[in-house]
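The values are calculated or read from the model by the stated rules, or taken from the named source; none is laboratory data. Everything numeric in this text was worked out from a predicted model, so none of it was measured. For neighbour counting, all protein chains shown are included, and Cβ atoms are generated from backbone atoms with ideal geometry for every residue, glycine included. Each accessible area value is taken on the protein alone, full model and side chains, heavy atoms only, with ligands, DNA and RNA left out. Shrake-Rupley method; radii C 1.70, N 1.55, O 1.52, S 1.80 Å.
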Amino acid sequence: MRNIAIILIIALAAFVLLGMANSNRRVLSGWRGPVGAGEASVANAAAAPAQALVGVAQPQGRGFDAALVPSGNPLRAAHTVITQGYGVGTHAPASVWGAIDLALDSDGDGKADPEGTWNQPVYATHAGRVTLTRESWPAGNHIWVTNEQYRTGYAHLAGFAVSDGQWVNPGDLIGYIGSTGMSSGPHLDYQVWVWRDGRWVNQNPLDYIQRMGE
Ligand SMILES: [Zn+2]
């Protein structure tokens, strides 16, 4: 009789402990849920296309991987402005130095805003492998993103968010806008090259950023 009472007490204690463990798990999973959802919404916000400079990858037929083609604005910000155009100034000749300079116009007056441009995120515009060069001239802290068809260049960065040799996908954060190398203020010098007839051929990045009417 006494043994049965002890067994009953042990069984009751085990039942209570099990219930506590279960309620702890529920609290934990309830806490983790919203955090996971928050992370997903941040990721979605980062992947959202820019409003002013929207790019659309060009379909190139059967088996074509659109992620390999540069598309969209590497700053992914609606208030992006071009501070130096393609093939002019230090971007001439275009076959060698072809690029566009991008900065942010945070206050919307149509001019670049240095305070709002410093250290802003720069995103890969296509899939490829990263090559980093620190403190080079004239490109400063520089990133190439290269695949077998396309290569994009991101110059004058304040810092890197990727490591040398890393594979990145479209929209991945790769670095931050700076003014390193031959640069008079914070901006991103952005280049696009295509592999054609056995060599890299410079392209106007605007052709890849803006696909109006498509
Ligand atoms: Zn430039």
Looking at the stretch 187-198, which of its residues are more than 9 Å from the ligand (Cβ to nearest atom), touching a residue at least 12 places away in the same chain (Cβ under 8 Å) and open to solvent by 20 Å² or more (accessible area, probe 1.4 Å)? W193, W195
Determine which single condition I209 fails, assuming it passes every other condition in (1) closer than 21 Å to V81 by Cα; (2) without any contact (Cβ under 8 Å) to a residue 40 or more places away in the chain; (3) buried (at least 17 other Cβ atoms within 10 Å of the Cβ). (2)
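When the residues of the stretch 182-214 are narrowed to those that are in contact with a Pro (Cβ under 6 Å, 6 or more places away or on another chain) and within 22 Å of R129 (Cβ to Cβ), which ends up modelled with the lowest pLDDT? Before the answer, list the steps.
Step one: filter the stretch 182-214 for residues in contact with a Pro (Cβ under 6 Å, 6 or more places away or on another chain), giving 182, 185-186, 190, 192, 208.
In the following step, the residues that additionally are within 22 Å of R129 (Cβ to Cβ) were identified as 190, 192, 208.
Numbers: Y190: 98, V192: 98, Y208: 94.
My answer is Y208.
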Would the stretch 163-174 turn up any residue that is at pLDDT 95 or above and farther than 19 Å from A127 by Cα? no
Of residues in the stretch 95-128 being buried (at least 16 other Cβ atoms within 10 Å of the Cβ) and within 13 Å of the ligand (Cβ to nearest atom), the one farthest from S163 (Cα to Cα): A112
Would you point out the residue of the stretch 77-94, among those that are assigned to a strand (DSSP E or B) and away from the ligand (no atom under 12 Å from the Cβ), that is surrounded by the fewest Cβ atoms within 10 Å (Cβ to Cβ)? V81
Those strands (runs of 3 or more DSSP E) completely within the stretch 98-159 that have 1 or more residues that are touching an Asp or Glu at 6+ places or on another chain (Cβ under 7 Å) and β-branched (V, I, T) are 128-136
Could you tell me which numbered condition P138 fails, if it satisfies all but one of (1) touching a residue at least 60 places away in the same chain (Cβ under 8 Å); (2) in contact with a helix residue (DSSP H, G or I) (Cβ under 9 Å, 6 or more places away or on another chain); (3) open to solvent by less than 70 Å² (accessible area, probe 1.4 Å)? (1)
Can you pull out every residue in the stretch 167-186 that is in a loop (DSSP other than H, G, I, E, B) and either within 12 Å of the ligand (Cβ to nearest atom) or within 22 Å of T90 (Cβ to Cβ) (or both)? S179, T180, G181, M182, S183, S184, G185, P186
Going through the stretch 155-182 one residue at a time, which ones are open to solvent by less than 20 Å² (accessible area, probe 1.4 Å) and in contact (Cβ under 8 Å) with a residue 60 or more places away in the chain? G171, I177, G178
